[in-house]
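The values are calculated or read from the model by the stated rules, or taken from the named source; none is laboratory data. Since we're looking at a predicted model, the values are computed, not measured. Virtual Cβ from ideal backbone geometry, glycine too; neighbours counted across all protein chains shown. Calculation scope for accessible area: heavy atoms of the full protein, side chains included, ligands and nucleic acids excluded. Shrake-Rupley method; radii C 1.70, N 1.55, O 1.52, S 1.80 Å.
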Amino acid sequence: MRAERELTIIAQDPSVRAGPSGGDILTTKVTIPYEDLSAGPRGYRVHVVDYDASQRVFYEPAELGRDADDQFRNAPDQTLLTDPAFHAQNVYAIVMRVLCRFEFALGRRVAWSFRGHQINLVPHAFCDANACYSESDHSIFFGYVPTAHPDADHPIVFTCLSHDIVAHEATHALLDGLRDSYTLPSGPDQAGFHEAFADIVALLSVFGVEQIVGRLLAPNSAAADDQIGKERLEVEALKQSVLFGLAEEFGQEVSRFRRSALRRAVELPPDPDAPEDPRYEECHERGKILSAAVLNAFLEVWLGRMKDLLSLPGDSVPLQRAVRDGVAAAQHLLTMVIRALDYCPVVDLHFSEFLTALLTADYELLPDDGRYKYRDALRKQFALWGIGPPYILGHEDAGRILEEGIWERPKDEEKLRYEGIHPESLRRDPDEVFRFLWENRKTLRVFEHAHTVILSVRPCLRIGPDGFFVRETVSEYLQILDLRADQLRELKINKPEEMPGDTPVRLYGGGVLIFDEFSRLKYHICSRVNNADAQGKRLAYLWRNGIRDSDGRYGRSDGSPPGQRFARMHLRRDGQLPKEEWDA
Amino acid sequence: MPETKPTGDVRVTMYNVGFGDCFLLSFPYDGDGDRHVLIDCGTTTEDKEWMTKVVEQIEKDCGKRLDAVVVTHRHQDHLKTFGLKGLGERLADLKPKVVVQPWTEHPKAEAQATSAPSVYGVRGLAQIRSLDAAQDFAEQLVANASRLLSAAPADLAEELVFVAEANIKNKAAVALLSHMGEEPAAAAYVHEGSESGLEEILPGVRVSVLGPPTLEDTTDIRSPADRHPTQYWELGATLAGAAATADPSLPAKSALFPGAPTLPAASAESHVRWVMDRLGRAELWNATRIVEAMNDALNNTSVILLFEVDGKALLFSGDAQWENWAWALKAPAITERLKATTLYKVGHHGSTNATPQKLWELFENRGDENTPNRLVTLLSTKEGKHHRVPRCSLVKALQADSTVRATYLWEDSDQISKTYTL
């Protein structure tokens, strides 16, 4: 029995060709765990349902076979474009690849946000230039549109054939499984985070494909032993060839908005005042700050990895080595980005906290920042955007931070009570964790008058690149406080000036408890439900931007209909929702 | 035409057409009777019997003689009556001398034409083609109405069908309007800044065209034509047609992959049928959004006219939405004149973005009941039909700062019309 299955996917999208001036569609092979697939394919985490609602056609479920053979190895372009079974394989393989990256980085299984184990992937869902994850439908829907280009090879553009789009949507689904509270109304950082995080994971995932990086670095190169000029491996040159290059490769019809978003994220001149600038308050603009910082850090680390290579005499270096360094940098950074989620607060996330989470996650596995200084690069790139560890921005209440920007152990940890708490039970039982939290509410400064619930208890086993094992248990709790606006003053929270006193408002708080292998609390990363400054800012943002549910309540939801939240987020990004001036 | 002067009075007659628009402007002239301009005559809620009464009333009010007809855009709630058998002809018999329509209705720029009048350019032609194909798509949705209405959520499906119905082509009305004028040359296809075509009909009244802009002016009005090219609507119509006749007990043939093996939808296992059902809802949301985008695009072809006479300024904007207005509101010379508006026909039956707040704030005659020369606003609408129209916050603002004349608030719902003299 094989442990792995190798499947052909389209490397980016069908417009990206293997040769410098055309040629076949550029494909690649990905390796995912072997599983006994049913028709669909339908595996232990993913079920491809090929039903087209626009024309009410149900395609025969694809059989990828039990023998792990790749049916589409070396398939002609025509087959890749016109065989729905290949489309089913493409979405299955890419989503499984992203899922495996998450599980590798987090050291545990990652659940979807809904009750169920298999997410539905619908590769030809409807005729629309959109692809979206829908949590209430337990699905990711991929649309298709006719091309407007008469010279295109195929009259239809399929979003299910774009590596970047499939990985982006899979990331939304996985992030929602890990932190479903990140879709709650918060401030501009959290609003921009889902989209930016999905972009970053999708891009680093694409940069983890050697064929893509090779093609972007040296579009005219054909042979594996080719050399590349050193002048093309400088920061600006890499930015042009790799980041802009990929933006250019995004398909015209369905990725054009993503293309301009990527272009803009790279083009944006760093601005330390951006976090306070109203121009960056809109969620997609905000998200570009995060994308820009991480993508530039990626280039910096890549260059750092090639330092010894570039110091050798001569004007050029082996292309393959440069490609491999790029792929390795992308993969390491991708692991860091995903792992950071465990060290982020549960609600009201700020980019500064994400940076601290990134640094902490990496520090836990590689205390000395290794040879390639990933953490230095991230600190530097975030600082260019005015984002430093939280205490610099006045969020000192969120947690304590060491000099190098990582979370510190809990204040007064010697006062924490473990009497009566069973260490083994603390690794898996939400009630045990709640008991720990309640017993220690004063030491941990947890507001006891809010409804408090343990969301998850997740034991993890992570392996660092140097072979070290790190065992941890990650547990999350959420706090909810429903008030009228005029009750805010009791918590010293400023009510938005013009908000009527009887307006219902909801405050969220919560935290992550990270226990070490002895079930001792190592980190407590929280957003306090009674943090007057943070809650006041959040409500001011929601009020200013009219973010409320359909009953006019603030803080609960943005009013999107069930299942439409992510679809609407994309439509807003693409400027496809009408401007609203008068309320209903 | 003999030299004659307007008295300076204006009568505005508002007809109760449910969800739709129909207004008659009557300008008395010294010793020369009244000149009558009919602005729109459509509905998406009332039946032919009711509309017959409306036409009879128009005939009475204008003395069986119209001087001009303005059809702001080609939605059913603005032109349906022109296409109703018998009623269209009765309106044509009123022998208007001029029929004013937006540039997008120019017969030389028809969807199938190979060239467009130069002022509209190639982009304009593409816009018109796309709108035309979009209307075919709406037609297929309406043909599909019974299936859609059986889907959940029901209120969403109802709204989708309502909007799609307003967007289907009314070929009879379009044909009638294209040859309705007294002479063939009397059709005016207008855009912002162009002549209105009413200059000779209404001497002494300044009539300015403030919209729609052309695509040379702005691309804001282009949605969804730009995002959804003609091919999109054509494929959409084909698929919707196929879906309408698909039998779930048989394997359906795919228009995307003609040779691909398919299964009867009804044969799927229960979990897959659940996904199909959920997907049907998601598709309903998509279709609603797309039809609304198309609805917005047609609304944005609305003619905006400003009539100025003797210190009075009457603003009629059809269903122009924010993107159409944006062009006029950029021009200081126009915004200066808009400040003096004395009567405003509320755009798009009171929807969310057809009365830009920037426009509303310009009106200097807004104010409480004691305001001299207080702004009059006309709101022709029916509640609960579309998109929570009219918008509560807009109605509140209108009631606070203007004298509101609203058909849906008339005490006697059987009343056909009311006339207001300014």
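Evaluate region A:59-81: report whether one residue or more is more than 20 Å from A:Ala173 (Cβ to Cβ), hydroxyl-bearing (Ser, Thr, Tyr) and out of contact with any strand residue (DSSP E or B) (no Cβ under 9 Å at 6 or more places or on another chain). Yes, because at least one residue in region A:59-81 is more than 20 Å from A:Ala173 (Cβ to Cβ), hydroxyl-bearing (Ser, Thr, Tyr) and out of contact with any strand residue (DSSP E or B) (no Cβ under 9 Å at 6 or more places or on another chain). Is it true that A:Asp77 is more than 13 Å from chain B (Cβ to nearest Cβ), free of Cβ contacts under 8 Å to residues at least 40 places away in the same chain and among the acidic types (Asp, Glu)? The answer is no for A:Asp77. crowded, with 19+ Cβ neighbours inside 10 Å and away from chain A (no Cβ under 14 Å), is that true of B:Thr335? No; evaluated as a whole, the condition is false for this residue.
Residue under question is A:Pro410, and the condition is that it be under 22 Å from A:Ser557 (Cα atoms) and not in a strand (DSSP E or B); does it hold? Criteria not met by A:Pro410. Residues that are under 25 Å from A:Asp180 (Cα atoms) and touching a helix residue (DSSP H, G or I) at 6+ places or on another chain (Cβ under 7 Å) do occur in region A:478-501, at least one of them. B:Ala340 - would you say it is more than 21 Å from the chain's Cα centre (by Cα) and within 23 Å of B:Ala326 (Cβ to Cβ)? So B:Ala340 passes the test.
For region A:451-473, the set of residues classified as surrounded by fewer than 19 Cβ atoms within 10 Å (Cβ to Cβ) and either hydrophobic (A, V, I, L, M, F, W, C) or part of a helix (DSSP H, G or I) (or both) consists of A:Val453, A:Leu455, A:Cys460, A:Leu461, A:Ile463, A:Phe468, A:Phe469, A:Val470, listed by residue number. Could you please give the count of residues in region A:206-228 that are open to solvent by 10 Å² or more (accessible area, probe 1.4 Å), more than 30 Å from A:Cys283 (Cα to Cα) and assigned to a helix (DSSP H, G or I)? Number satisfying all stated conditions: 4.
Can you work out which of the residues in region B:281-291 that are in contact (Cβ under 8 Å) with a residue 24 or more places away in the chain and open to solvent by 30 Å² or more (accessible area, probe 1.4 Å) is nearest to A:Gln118 (Cα to Cα)? This residue is B:Arg281. Identification of strands (runs of 3 or more DSSP E) wholly contained in region A:16-63 with 3 or more residues that are farther than 17 Å from B:Ser270 by Cα, within 14 Å of chain B (Cβ to nearest Cβ) and modelled with pLDDT under 90 yields no element. Could you please let me know if B:Ala297 is in contact with a helix residue (DSSP H, G or I) (Cβ under 8 Å, 6 or more places away or on another chain) and at the interface with chain A (Cβ under 9 Å from one of its Cβ atoms)? Answer is no for this residue.
Of all residues in region B:229-247, at least one satisfies being more than 30 Å from B:Asp9 (Cβ to Cβ), at pLDDT below 75 and not in a helix (DSSP H, G or I).
Residue pairs whose Cβ atoms lie under 6 Å apart, separated by 6 or more positions or on different chains, with the first residue in region B:402-422 and at negative phi and the second at pLDDT below 90, are B:Tyr408/B:Lys382; B:Tyr408/B:Glu383.
Within region B:350-387, which residues are farther than 20 Å from B:Val17 by Cβ and open to solvent by 60 Å² or more (accessible area, probe 1.4 Å)? Hits for region B:350-387 are B:Gln357, B:Lys358, B:Glu361, B:Glu364, B:Arg366, B:Asp368, B:Glu369, B:Asn370, B:Pro372, B:Asn373. Within region B:1-43, work out how many residues are out of contact with any His (no Cβ under 8 Å at 6 or more places or on another chain) and part of a loop (DSSP other than H, G, I, E, B). Number of matching residues: 17. Within region B:70-111, being more than 20 Å from B:Ser194 (Cα to Cα), acidic (Asp, Glu), open to solvent by 20 Å² or more (accessible area, probe 1.4 Å) and in a helix (DSSP H, G or I) holds for one residue alone: B:Glu89. Among the residues of region B:358-392, how many are β-branched (Val, Ile, Thr), within 14 Å of another protein chain (Cβ to nearest Cβ) and not in a loop (DSSP other than H, G, I, E, B)? Residues meeting the conditions: 1.
Taking region B:249-280 as the range and being within 41 Å of the chain's Cα centre (by Cα), within 7 Å of another protein chain (Cβ to nearest Cβ) and of a type outside the set (S, T, N, Q) as the test, the residues that pass are B:Ala252, B:Ala255, B:Leu256, B:Phe257, B:Ala265, B:Val275, B:Met276, B:Arg278, B:Leu279, B:Gly280.
Look at (1) open to solvent by less than 40 Å² (accessible area, probe 1.4 Å); (2) modelled with pLDDT under 90 and you find that A:Leu303 fails only one, number (2). Does B:Leu398 meet the test of being touching a residue at least 40 places away in the same chain (Cβ under 8 Å), open to solvent by less than 40 Å² (accessible area, probe 1.4 Å) and within 14 Å of another protein chain (Cβ to nearest Cβ)? Yes; evaluated as a whole, the condition is true for this residue. Scanning region B:393-422 for residues that are assigned to a helix (DSSP H, G or I) and aromatic (Phe, Trp, Tyr) yields one hit, B:Tyr408. Put simply, of A:Tyr133, A:Tyr92 the only residue that is among the hydroxyl-bearing types (Ser, Thr, Tyr) and within 18 Å of the chain's Cα centre (by Cα) is A:Tyr133.
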